[in-house]
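Working notes for the structure below.
Nothing in this text is a laboratory measurement; each read-out follows from the coordinates by a stated rule. All values derive from a computational prediction rather than experimental measurement. Every residue, glycine as well, gets a Cβ built from its backbone with ideal geometry; the counts of neighbours run over all protein chains shown.
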Amino acid sequence: MMSINVEGADKLEGWFNKLGKIDDTPAMRQAMINSALVVEAKAKQNLLDMIYSAQKSWYAPRQQLFNRTMATKKVIVGLSELLTAVGSFVNYAIYVHFGTGVYAEGGKGRKTLWLFEDKQGVTHRTTGQQPQPYLTEALQASKSDFINEIKKALGKI
């Protein structure tokens, strides 16, 4: 489970608490979707930067990750919250985001060297890959956009 701390979120939560229960309005739903789309766009830009970086051998897997990273465009109503999501539907996305082997975030990866064979039959030795937290960076970079969307929606309520 991933936990992200966004600076300023406590201030935003304070505004919500002062207002009381936020109704599930079309304006709030649209603000959540718009915010998720901004995060999606920034995550995809981060992935493009990775695709065109010096690691040309990773082009194809990163392109699939790029194509299948998206905002859900749905809002779920919780007891006291509206939720939406941005993520990837590629099974290896978590390994790109959090790293593998000795480089895995939080020291949770494999500690020993291993071998793997690529599609061309070439054997490689590795100790893992560095984390490339494209989603976390996208969320942090779009924080002000998110807050502005919520402010606009609150002005309509």
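Loop-located GluC sites (Glu not before Pro) across segment 76-121 with a Cβ neighbour count of 13 or fewer within 10 Å are GLU81, with loop assigned by DSSP. Here's the picture: a label point sits 7 Å out from the Cα of ALA27 along the beta-carbon direction, and within segment 69-103 the residues with their amide nitrogen under 17 Å of it are 82. Each of ASP49, ASP118 was scored by other Cβ atoms within 10 Å of its Cβ. Listed from fewest to most, they are ASP118, ASP49.
Kindly flag which residue pairs out of LYS42/LYS119; LYS74/LYS143; LYS73/LYS108; LYS42/LYS156; LYS73/LYS152; LYS42/LYS108 have an alpha-carbon separation exceeding 24 Å in this structure.
Over 24 Å Cα-Cα: LYS42/LYS119; LYS73/LYS108; LYS42/LYS156; LYS42/LYS108.
Assuming R0 = 22 Å, what is the FRET efficiency of VAL77 and ASP49, from their Cβ-Cβ distance, to the nearest 0.05? For VAL77 and ASP49, the calculated efficiency is 0.05.
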